[in-house]
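Note sheet for the following structure.
The values are calculated or read from the model by the stated rules, or taken from the named source; none is laboratory data. Being a predicted model, the structure only gives us computed values, none of them experimental. Here the Cβ positions follow ideal geometry from the backbone for every residue, glycine too, while neighbour counts run over all protein chains shown. Areas reflect the complete protein model, heavy atoms only, side chains present, ligands, DNA and RNA absent. Shrake-Rupley method; radii C 1.70, N 1.55, O 1.52, S 1.80 Å.
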Amino acid sequence: MSKKVALFIPCFVDQLQPQVGVDTVKVLRRAGYNVEFPEDQTCCGQPGFNTGQWEAARPCAERFVKLFRSYDQIVCPSGSCTSMVRTHYPELLKTSQWKDEAIAVGKRVFELSEFLVRVAKVTDLGAEFAHSVTYHPSCHTTRELGIYEEPITLLKNVKGLDLREMPNALECCGFGGMFSTKFPMVSSAMGEIKVGNVDATGAEYVTAVDPSCLLHIDGVLRFKNHAPKAIHIASILAAGREAR
């Protein structure tokens with residue numbers, strides 16, 4: 001029997017980084033999975049939840065639960081959106097008829113690197129990426145999901161990749177969702193510190209599992225004319241040969 005997963009695509013990927021979604025499918029197929037993409041999916045509701053607009057966020061969450069409840073495994077190329085479903089849906093939907101299903105669905109939603117290493121038991125996808133890379137561990141991924149070593153393990157098994165440790169890696173990049181729009185000057189300053197740490201590694205690329213963090217870091221890199229480029233981990237893991 002073939003293995004099947006549902007693909008949960010965050011808004012940032014859908015609207016601004018579609019290649020990340022394509023590369024996620026390549027990686028999952030390379031790991032031996034058939035991928036289904038429920039086309040009726042929309043925002044998971046995180047922006048509304050984070051700004052206290054729970055009445056606006058709740059229908060998004062209920063829609064997500066109804067759409068994905070029939071799938072045994074759901075994979076998302078974003079730690080923050082994964083955490084929204086797994087960690088915050090029970091609170092957001094505590095008065096909803098969908099509360100119990102939300103808790104059940106949350107247990108079946110996985111961030112991409114987490115799924116590959118913990119569930120699929122795959123650490124080497126045959127990827128090739130002959131560049132120096134440093135890794136940014138995003139806040140939601142580490143602090144809310146407890147994902148630390150999984151992305152590192154996958155990157156260390158990419159042929160030709162020179163992985164370089166970033167100074168003060170666990171410091172926030174400054175994006176923080178709506179934080180970056182409410183406090184743009186603080187957000188920009190934090191982004192500049194993060195970029196300085198990226199520069200200190202001498203790496204050609206900075207990667208992460210969160211597309212939102214990478215968009216923020218990439219914006220600072222380009223605005224300040226820094227050499228490193230931002231790339232999602234899915235695009236590194238998909239590099240080197242065509243997925244099956």
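Some observations on this one:
- Stretched out straight at 0.36 nm per residue, the stretch from A104 to E128 would grow longer than its current Cα-Cα span by 5.0 nm.
- Dividing the summed -39500 (n - 2.57) terms of all DSSP H runs of n ≥ 4 by the residue count of the chain sets its mean residue ellipticity at 222 nm at -12000 deg cm²/dmol.
- Largest accessible area first, the residues M166, M185 order themselves as M185, M166 under a 1.4 Å probe with ligands, DNA and RNA left out.
- The largest accessible area among H232, H131, H216 belongs to the first residue in H131, H216, H232, and the rest follow in falling order (1.4 Å probe, all chains).
- Among D210, D14, the sequence by solvent-accessible area, most first, with a 1.4 Å probe is D14, D210.
- Full extension of the chain between Q97 and K3 gives 30.8 nm of extra length, using 0.36 nm per residue less the Cα-Cα distance.
- Length added when fully stretched, A169-S188, from 0.36 nm per residue minus Cα-Cα: 5.1 nm
- Cβ-based net charge around P167, under 15 Å, with every Lys or Arg adding one and every Asp or Glu removing one: -2
- Pairs spanning more than 23 Å between alpha-carbon atoms, out of K121/K156; K156/K229; K3/K229: K3/K229.
- Comparing A56, A169, A31 in a Gaussian network model of the chain (Cα springs below 10 Å), the most mobile by mean-square fluctuation is A56.
- Summing charges over neighbours of V198, with a neighbour being any other residue whose Cβ is under 13 Å away from its Cβ, gives -1 when K and R count +1 and D and E count -1.
- Summed residue charge, Cβ within 13 Å of G52's Cβ, Lys/Arg positive, Asp/Glu negative: 0
- Whole-percent carbon and sulfur share, accessible surface of the chain, 1.4 Å: 52
- Annotation: amide H of L163 within the under-5 Å range of V133, sequence separation 5 or more or interchain, hydrogens built in the peptide plane.
- Gyration tensor (alpha-carbon) shape descriptor, segment 49-161, a/c threshold 1.5: prolate
- For the options R222, R108, R164, a Gaussian network treatment of the chain with springs between C-alpha atoms closer than 10 Å singles out R222 as fluctuating the most.
- Using the 1.4 Å probe convention, the accessible area of the chain works out to 46 Å² per residue with neighbouring protein chains retained.
- Label-reachable residues, segment 88-119, where backbone N falls under 12 Å from a point 7 Å from W54's Cα toward its Cβ: 89-96
- Along the chain, longest interval not containing exposed GluC sites (Glu not before Pro), exposed being DSSP loop plus at most 13 other Cβ atoms within 10 Å: 40-164
- GNM flexibility winner over the chain from S96, S70, S78 (Cα, springs under 10 Å): S70
- In this structure F110 has an accessible area near 40 Å², from a 1.4 Å probe over the protein heavy atoms.
- Among the listed values (1) 50, 47, 35; (2) 52, 48, 27; (3) 66, 43, 36, the one computed from these coordinates for Cα extents along the principal axes in Å is (2).
- Between the amide H of A239 and those of E128, distances stay under 5 Å, these residues lying 5 or more places away or on another chain, with hydrogens modeled in the peptide plane.
- Placing +1 on each Lys and Arg Cβ and -1 on each Asp and Glu Cβ, with no other charges, gives the chain a dipole about its Cα centre of roughly 400 debye.
- Note on segment 56-115 and segment 177-244: Cα centroid distance 26 Å, given to the nearest whole angstrom.
- Taking every protein chain into account, the 1.4 Å probe leaves C172 with about 40 Å² of accessible area, to the nearest ten.
- For segment 128-133, 3J(HN,Hα) per residue [Karplus equation, 6.51 cos²θ - 1.76 cosθ + 1.60, θ = phi - 60°, Hz, x = Gly/Pro]: 10, 8, 7, 8, 7, 9
- At the residue level, T42 shows approximately 70 square angstrom of accessible surface with a 1.4 angstrom probe and all protein chains present.
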